[in-house]
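Worksheet for the structure shown next.
Derivation of every value follows stated rules applied to the coordinates shown; laboratory data play no part. Please read these numbers as outputs of a predicted model, since none were measured by experiment. Methodologically, a virtual Cβ is constructed for each residue, glycine included, from the backbone with ideal geometry; neighbour enumeration extends over all protein chains shown.
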Amino acid sequence: MKGMVKGLVCIAVLASVAVVEAQTKFPLRVDIDVSAKSSRKSIGAGMDGEAKTEQVQVRVKVRKSSSQPWDNPVSAELYVIGKQIHTGYYGIIDVQKGEFKFSKENDNTFEYTSPMYTLGRTSGNINVGGSYETYLVVISDHNGEVIDTRSGRHIKDKGIEFIRKLGKKTLFDRDGNVIGELENPGKAFKKAIPSATDPGNEY
């Protein structure tokens with residue numbers, strides 16, 4: 001009986017070692033599918049322009065494409081990036097981070113849907129507010145090594161590294177210079193609505 005138990009323990013240890021070796025020799029590969037739904041709604045228009053809102057929601061789906069087992073947790077980062085209308089600078093609207101595991105129960109697939117983001121802007125003679133620009137998804141293993149990334153725009157590795165260091169509401173330019181903190185876009189938008197939608201004097 002002791003020999004049988006000992007044999008089972010050895011088999012379990014060897015199986016664990018085999019899994020670790022497989023994960024070392026064959027790195028994890030994933031397929032990342034991202035879709036961003038956006039809709040625009042006009043609030044009003046006047047002599048000097050128009051005021052409208054844009055609603056954006058990002059959905060992320062990550063599937064393990066490699067055949068070897070992977071028992072360690074995987075981290076996902078979602079960066080929602082917008083653009084300030086009146087300056088042309090880019091801003092991190094929101095950052096969502098989470099950890100998950102691939103398993104048979106979830107069909108080796110992880111799905112996440114972001115909150116709904118509402119961005120306001122005015123156009124015409126008065127341009128303030130912001131608009132949705134793109135997303136960045138970064139998938140990392142339990143050691144922090146990046147497995148794969150996906151974005152709606154081409155972003156170089158240096159740019160991805162730069163964005164990951166930024167916090168929520170950070171404002172930056174196209175050359176990767178931090179400008180400052182993204183002010184509450186809703187504040188400027190609400191202030192500009194009366195002027196943008198003013199019908200003017202009727203004669």
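Note that the stretch 27-196 shows a convex hull volume over its alpha carbon atoms of 109 Å³ per residue. The string of couplings for the stretch 92-98 from the Karplus curve (6.51, -1.76, 1.60, θ = phi - 60°) is 7, 5, 7, 10, 10, 10, x Hz, one whole number per residue in order, with x for Gly and Pro.
For E133, enumerate residues with amide H under 5 Å from its amide H, sequence gap 5+ or separate chain, H modeled in the peptide plane. Excluding prolines and chain starts, which carry no amide H, the hits are I81, G82, K83. In terms of surrounding Cβ atoms within a 10 Å radius of their Cβ, K101, K41, K64 rank from fewest to most as K41, K101, K64. In the structure shown, the pairs K104/K158; K37/K83; K41/K156 are assessed against 28 Å; a Cα-Cα span above that value is assigned to K104/K158; K41/K156. Ordered by the number of other Cβ atoms lying within 10 Å of each residue's own Cβ, fewest first, F172, F100 fall into the sequence F100, F172. Taking a straight line from the alpha carbon of K168, these aspartates and glutamates sit under 17 Å away, with near neighbours fewer than eight places off in the same chain left out: E77, D94, E133, E181, E183.
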